[in-house]
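Before any comments, here is the structure.
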Amino acid sequence: MRLPIALALLALALSATLQAQVLDVRSTVQLPVLRPGDQARNGEVVLGQTTVTAALRMFAVELRSEMVSLPLAHPANPDTIPSGTVWQVGPHQLRPYRRLELGADRYVLNFDRNDRLISAWPVRVPNGITQPTLAEHYPEIRKGQLWHSGDQPIQEWNADIEACVVLSAMVREATGVVQQLSYNYTCETKPAGK
């Protein structure tokens, strides 16, 4: 009798620690802050849960704006990413299927084959974000793969924010300035509608 109760308590404790992460994707003026939860408010998305359909509804006004290079009416927004595409984020592999661009000074949202949000990155990284700034916000950040862009080495840095959520930053080695920043959902997702 005690074993089922102990297992139930363990499951409850684990579910409490595996909270979803909510990201505000309205602006890229400063380093975004993720918050635990599974309820998106105005301009927010939930990594691993928000669907393409929900994002199209949430950002309908933004997608009709002249600030969007590919407006909602354009057949390439959301765009289908070539089959077989794999992104390496630290030890994790993401398999994006669709991309939704929200416009200048906003985010690009990437969805998997289950139509769930698996990656979000700002179109422009906020000014002044450096590797030390990231280390200040995310003390557990660690070096990943070293890449080369022309003759400029670019160091990948990753931080596990929560179970299933990883921050990834590409930092130009010579300057320490962040060139690309993304928030990634690394666990399996459920098909939309389930």
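The lone criterion from (1) surrounded by 14 or more Cβ atoms within 10 Å (Cβ to Cβ); (2) at pLDDT 75 or above left unmet by PRO32 is number (2). If you check GLU140 against the conditions, is it farther than 23 Å from ARG35 by Cβ and either surrounded by 14 or more Cβ atoms within 10 Å (Cβ to Cβ) or charged (D, E, K, R) (or both)? Here the answer is no, as GLU140 does not meet what is asked. As for the stretch 106-121, it holds at least one residue that is of a type in the set (Val, Ile, Thr), at pLDDT 95 or above and either surrounded by 16 or more Cβ atoms within 10 Å (Cβ to Cβ) or closer than 23 Å to GLU188 by Cα (or both). Scanning the stretch 81-126 for residues that are over 18 Å from ALA54 (Cβ atoms) and among the hydroxyl-bearing types (Ser, Thr, Tyr) turns up SER83, THR85. Does the stretch 121-142 contain any residue that is in a strand (DSSP E or B) and in contact with a Gly (Cβ under 6 Å, 6 or more places away or on another chain)? Yes. The set of residues from the stretch 143-194 being in contact with a strand residue (DSSP E or B) (Cβ under 8 Å, 6 or more places away or on another chain), assigned to a loop (DSSP other than H, G, I, E, B) and of a type in the set (D, E, K, R) comprises GLU173, LYS190. Among the residues of the stretch 154-176, those that are surrounded by fewer than 16 Cβ atoms within 10 Å (Cβ to Cβ) and either hydrophobic (A, V, I, L, M, F, W, C) or closer than 14 Å to THR133 by Cα (or both) comprise ALA163, ALA174, THR175, GLY176.
Scanning the stretch 1-26 for residues that are at pLDDT below 75 and under 16 Å from SER182 (Cβ atoms) yields no hits at all.
The values are calculated or read from the model by the stated rules, or taken from the named source; none is laboratory data. On a predicted model such as this, the values are computed, not experimentally measured, just so you know. Note that each Cβ is placed from the backbone with ideal geometry, even for glycine, and that neighbours are counted across all protein chains shown.
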